[in-house]
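These notes are about the structure you will find just below.
The values are calculated or read from the model by the stated rules, or taken from the named source; none is laboratory data. The model shown is predicted, which means the values in this text are computed figures rather than measured ones. Positions of Cβ are backbone-derived with ideal geometry, glycine not excepted, and every protein chain shown enters the neighbour counts.
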Amino acid sequence: MRNMIVELLRSLLLVVGALFPIVNSPENIPLFLDLTSGFPAKSREILARKIAMNGFALLVVSVLIGTHILAFFGISLPVVQVGGGLVLVAVGWQLLHQEDDKPPAPRLTAPTSSALSRLAFHPLTMPLTVGPGSISVAIAVGANRNPRSEGTWILLAASVLGCAVLALTIYLLYRFAEPLGRILGDTAMSIIIRLSSFILVCIGVQIVWNGVSALLQTIPIRHG
């Protein structure tokens, strides 16, 4: 029993430790505030909750059955990295080239529930929060499961608990994004948004390159 608890804690720390720095990246805060400019505080709170729930679902699925889903469709992990990295580059490029002097969004009416749900999933959950990098890591963590029968439920419990902890941190990150934005001020936020967008593009390019490099290694080399 003691060994099982130790294994559970070890697996839990593995899931949280591997994914926490990726899904809770600090540059997500200014990007979240920019994409929700003009939204009332209540709508941002709803978005934070929806993003956390979406992130929890994506992470759990990626850890537990991600490898099986890829195998079913005949998709390799490097292909996921290339496709997801391109999406990340596109989102970062769009944010990088948006107008600085755009008029502030009106705060007269709150967005509809369907509009919040769409925005919460794309692009706030996928690819900004749980993007190709975190999905790739989650699938890799799930692929390292213990083949023994007693290891199955340990991975299941650790994955659910670990993803729940990550979802809570995601919620807190976005829930208190607005107070942090007020502390920084408009000028600092504008600078951070530009830097964050550029970093986002670079991360996307790096993920694409990692996938392309892995695919190139699968090409047979003919020796003359």
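Things worth noting here:
- Applying a threshold of 6 Å to beta carbon distances and a minimum spacing of six or more residues, or different chains, the list of pairs starting in the range 20-38 at a residue that is touching a residue at least 24 places away in the same chain (Cβ under 8 Å) and ending at one that is of a type in the set (S, T, N, Q) reads Ile22/Ser134; Val23/Thr129; Val23/Ser134; Asn24/Thr169; Glu27/Ser196; Pro30/Ser196; Leu31/Ser196.
- Checked against the criteria, Leu161 does not count as more than 24 Å from Leu35 (Cα to Cα), free of Cβ contacts under 8 Å to residues at least 40 places away in the same chain, in a helix (DSSP H, G or I) and over 16 Å from the mean Cα position of the chain (by Cα).
- Residues located in the range 8-36, provided they are of a type in the set (Gly, Ala, Ser) and farther than 18 Å from Leu195 by Cα: Ser11, Gly17, Ala18
- Val63 vs. criteria surrounded by fewer than 19 Cβ atoms within 10 Å (Cβ to Cβ), modelled with pLDDT under 90 and assigned to a helix (DSSP H, G or I): no
- Test: residue in the range 208-216 that is part of a helix (DSSP H, G or I), under 17 Å from Pro123 (Cα atoms) and polar (S, T, N, Q): no
To keep it simple, each residue is scored yes or no on (1) more than 18 Å from the chain's Cα centre (by Cα); (2) of a type in the set (S, T, N, Q); (3) at pLDDT 80 or above; (4) not in a helix (DSSP H, G or I).
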residue	(1), (2), (3), (4)
Leu19	no, no, yes, no
His68	yes, no, yes, no
Gly83	no, no, yes, no
Asp100	yes, no, no, yes
Pro127	no, no, yes, no
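- For the range 42-95, residues that are farther than 23 Å from Ala115 by Cβ and touching a Cys at 6+ places or on another chain (Cβ under 8 Å) total 3.
- As a summary of the residue check, Val141 satisfies the conditions (1) surrounded by 15 or more Cβ atoms within 10 Å (Cβ to Cβ); (2) part of a helix (DSSP H, G or I); (3) modelled with pLDDT of 80 or more except for the one numbered (3).
- Candidates Leu200, Leu173, Leu166, Leu155: the one that is touching a Phe, Trp or Tyr at 6+ places or on another chain (Cβ under 9 Å), at pLDDT below 80 and within 28 Å of Leu58 (Cα to Cα) is Leu200.
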